[in-house]
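Engineer: I have a structure I would like to understand better, so I am pasting it below and will then ask my questions one at a time.
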Amino acid sequence: MSSSSAFLLPMAAWRRMRLAWLALATILLLSACGSITPPAEQRPPSARGNEVVLFAMGMMDTGYRFGGKNPEAGFDCSGMVSYIFREAVGVHVSGSAADIAKRGREVNPRSLRAGDLVFFNTMNRSFSHVGIYIGDGRFVHAPSTNGRVRIDRMDNRYFAQRFEMARSYFD
């Protein structure tokens, strides 16, 4: 092996590094954005919530798979949340979106902060979809539509009409 080949990284490692830099740039950009509507209650930022968001941003563009629980196999919404919470901050959140909605502390939607979970009725049953709030009215989730982990806005007409609740797993 030549000395220059020792510095070559596998393609997957380069992809993860690129996604991590993209996530960091997105977090910095979102943190610079403000809201003109005051929150319902002031909730200080959560360090663990920020860790969850940073880790979630690294999962962007991971494929969708019903029942998927890891990035290699693909994610469904609850599998993505479970994986990210466990890997980023060691919090075990498991089960379906409806199961996850039963735990944690309910949060006023006007006082969402990074790392809170947002729940939607997307299949004509309560709490059938979950995502992670990242700030500035946006959340990251694993939708079956378009089949990739992505960011959407809470005020997107589709999601705004289907929003049900927000919950926090952090102080």
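Engineer: Which length gain, in nm to one decimal place, applies between Arg125 and Ser96 when the Cα-Cα distance is subtracted from 0.36 nm times their residue separation?
Structural biologist: 9.2 nm
Engineer: Near Ala166, within a Cβ-to-Cβ distance under 12 Å, what is the net charge of the other residues, with Lys and Arg +1 and Asp and Glu -1?
Structural biologist: +2
Engineer: Right, here's the next one. What's the whole-number percent of alpha carbon pairs in the stretch 111-165 lying beyond 13 angstrom?
Structural biologist: Details: 830 of 1485 pairs.
Value for the stretch 111-165 (Cα pairs over 13 Å): 56 percent.
Engineer: State in Å² the accessible area per residue of the stretch 103-166; use a 1.4 Å probe, count heavy atoms of protein chains only, and round to the nearest integer. Each step should come with its number before you reach the end.
Structural biologist: Details: 3080 Å² over 64 residues.
Roughly 48 Å² per residue, with all protein chains present.
Engineer: Assuming R0 = 22 Å, can you tell me the calculated FRET efficiency for the pair Arg157 and Ser111, based on Cβ-Cβ distance, to the nearest 0.05? The partial results should precede the final answer.
Structural biologist: On the way: r = 23 Å, r/R0 = 1.03.
My answer for the efficiency is 0.45.
The values are calculated or read from the model by the stated rules, or taken from the named source; none is laboratory data. As the structure is a prediction and not an experimental result, all values here were calculated from the model. Using ideal geometry, Cβ is built from the backbone for each residue, glycine included, and neighbour counts are taken over all protein chains shown. With ligands, DNA and RNA removed, areas are computed over all heavy atoms of the protein, side chains included. Shrake-Rupley method; radii C 1.70, N 1.55, O 1.52, S 1.80 Å.
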